[in-house]
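Have a look at the structure below, then the notes.
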Amino acid sequence: MAILKIARMGHPVLLKRAEEIPDPTAPEIRRLAADMAETLADAGGAGLAGPQVHASLRIILFQAPPSRGGDTDPRAVAPLTVLINPEIEALGTETEEDWEGCLSLPELMGRVPRARHIRYRGLGPDGAVIAREATGFHARVVQHEFDHLEGILYPRRLADPRAFIFESEIRFWMKQG
Ligand code: NI
């Protein structure tokens, strides 16, 4: 296991469409997933995508702990999950806006609209199919990580470019309720 270097906004790897993984059970993919899990734990984020560790491959890791759920819907919660070659689909047209951060844009955050409910599907590193419905933060983190595979960073999704700030200035926004 190893802690990998995280690419920061401006590095071209973050703008490329990541490639399909032909064999999700290959030992090098298992190793990459383990290294990404260690990197995510070290950095303290909710999710990480292959391109963020300079691996332009369609693999994402994410977790949605109950503390981020905000409600009692089990679809808002997910354990640490490795998802390879994911596909996502919005369920309904409802969107919600909330703050997001990204390990490739340290110390920054922005308000991003996302689909409230989604369905996603992909493979685990054991080759087994993972198919789930997600809502709330769980849906948000999966959409954010999936965007990385398409070469999209969240500033492109901002509803209001003024709501793109340093975390240290969040108090001014919180006062507005
Ligand atoms: Ni990110």
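Which residue pairs have Cβ atoms under 8 Å apart, sit 6 or more places apart or on different chains, and have a first residue in the range 31-46 that is under 12 Å from P125 (Cα atoms) and a second that is of a type outside the set (A, V, I, L, M, F, W, C) and surrounded by 16 or more Cβ atoms within 10 Å (Cβ to Cβ)? Once the first residue is under 12 Å from P125 (Cα atoms) and sits in the range 31-46, its partners that are of a type outside the set (A, V, I, L, M, F, W, C) and surrounded by 16 or more Cβ atoms within 10 Å (Cβ to Cβ) give L32/G50; A33/P125. Scanning the range 83-140 for residues that are closer than 18 Å to D73 by Cα and of a type in the set (A, V, I, L, M) yields A90, L91, A115, I118, A131, A134, A139. Within the range 2-18, residues that are in a loop (DSSP other than H, G, I, E, B) have Cβ atoms under 6 Å from residues that are of a type in the set (S, T, Y) in these pairs: I3/T39; L4/T39; A7/S104; R8/S104; M9/S104; K16/S56; A18/S56, counting only partners at least 6 apart in sequence or on another chain. Sub-6 Å Cβ pairs linking a first residue in the range 151-177 that is over 20 Å from R114 (Cβ atoms) to a second residue that is modelled with pLDDT of 90 or more, at least 6 apart or interchain, are F166/E107, ordered by first then second residue.
Mind listing just one residue for me: the one in the range 76-104 that is among the acidic types (D, E) and within 16 Å of the ligand (Cβ to nearest atom) and, of those, farthest from G136 (Cα to Cα)? In this case the residue turns out to be E100. Checking each residue in the range 143-177 for being more than 12 Å from the ligand (Cβ to nearest atom) and among the polar types (S, T, N, Q) picks out S168, Q176.
Inspect the range 45-56 for any residue being modelled with pLDDT under 95 and within 16 Å of the ligand (Cβ to nearest atom) and give the result as yes or no. Within the range 45-56, one or more residues are modelled with pLDDT under 95 and within 16 Å of the ligand (Cβ to nearest atom). Going through (1) more than 14 Å from the ligand (Cβ to nearest atom); (2) under 20 Å from I21 (Cβ atoms) one by one, H138 falls short only on (2). Among the residues of the range 60-75, is there at least one that is crowded, with 20+ Cβ neighbours inside 10 Å, away from the ligand (no atom under 14 Å from the Cβ) and under 27 Å from A163 (Cβ atoms)? Within the range 60-75 (the criterion being crowded, with 20+ Cβ neighbours inside 10 Å, away from the ligand (no atom under 14 Å from the Cβ) and under 27 Å from A163 (Cβ atoms)), the answer is yes, since at least one residue qualifies.
Number of residues in the range 148-168 that are of a type outside the set (F, W, Y) and touching a strand residue (DSSP E or B) at 6+ places or on another chain (Cβ under 8 Å): the value is 10.
The values are calculated or read from the model by the stated rules, or taken from the named source; none is laboratory data. A quick note: this is a predicted structure, and the numbers were derived from the prediction, not measured. Cβ atoms come from the backbone with ideal geometry, glycine included; neighbour counts cover every protein chain shown.
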